[in-house]
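Contents: one structure, followed by commentary.
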Amino acid sequence: MKTLIRADSSSTIGLGHIMRDLVLAKSFEGEVFFACQNLEGNIIASIPYEVKILKSNDAEELIALIKALHVKLLVIDHYGIDAHFERSVKEATGVKILSFDDTYQAHHCDILLNHNLSANAARYTNLVPKTCELRCGSVYTLIREEFKLEKEKSCEKIYDVLVAMGGTDASNITLSILKTLPKSLHVSVLTTSANAHLHELQNYTQDKPNIALHVNSNEVAKLLHQSRLAIVTPSVMVHEVLFMEIPFIAIKVASNQDDIFAYLQAQEYTVLEAFNDALLKNEIQRLFQ
């Protein structure tokens, strides 16, 4: 069976869609292809499958590709694709569609996947076809294999805090967080070359021996395991932090994080609705007193 995954990454969109799609892709039998636009700051080069470059996010271009490849399953992980788009593709190709969703939008698909811990299948009533298979909640959470392997190991804690505000940190708050943290703490920072503010981070950290900046790291699970506390966004990363059982502070930076933010808040985890240096200082002092 041939599977086509439609997803994008960029310095604006972020990298999370592609990262979770790569986990899902391992579960498919047969050939797997990705269809991506060549956007600025993308991680297409890191995708270990054949990637078909799209010139646009146009339904007709995707339909033509599906027909040319004889695709049987289309995975859509894209905020720019809605139910109308999906219906057009379905009617033109007859392909089976699996759609990712984490903001409770309408979809015209055969399978709806919301792998967030907070996912509520009941909220999709009247949003998807009655025949749609709903895959919602923690049983479907996509955890990268590296985290499963790392969790089995014993590990020395060499960092007080790990800061990971997304591979692109489109909101540019990593630097603000670093300036807020006490200089007595040993800090690990995760980012990628897709971060438009990388040069600022490099300049800030180069003369600070207590801060280790990791760019495009292949040891994310290990670095997390080596940390006493993580500062992250309430997104895909928080699933991995919870899996590793590391204490954390989650700072919301985008509206698509509203649902999991509310879930974490209801479960009495430490969350901030937006970056606030005074509140963050208070939480850090409380945790490290």
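A short reminder: the numbers here are calculations on the coordinates, not readings from a lab. If you're wondering where the values come from, they're calculated on a predicted model, not measured in any experiment. A quick note on method: Cβ atoms are made from the backbone with ideal geometry, for glycine too, and the neighbour counts reach across all protein chains shown.
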- Hey, rough spin-label estimate for Lys52 and Arg135, points 7 angstrom out along Cα→Cβ, what's it come to in nanometres? 2.1
- Query: Which GluC sites (Glu not before Pro) in region 108-154 pass both tests, a DSSP loop state and at most 16 other beta-carbon atoms within 10 Å?
  - Reply: Glu152
- trypsin sites (Lys or Arg not before Pro) within region 175-253, DSSP loop, no more than 13 other Cβ atoms inside 10 Å: Lys183
- Name the GluC sites (Glu not before Pro) in region 2-99 that are in a loop by DSSP and that have at most 13 other C-beta atoms within 10 Å, would you? Glu29, Glu40
- Query: Roughly what % of DSSP beta bridges within region 3-140 run antiparallel, to the nearest 5?
  - Reply: 5
- By how many nm would the segment from Asp207 to Leu69 lengthen if fully extended, with 0.36 nm per residue of separation less the alpha-carbon distance? 44.5 nm
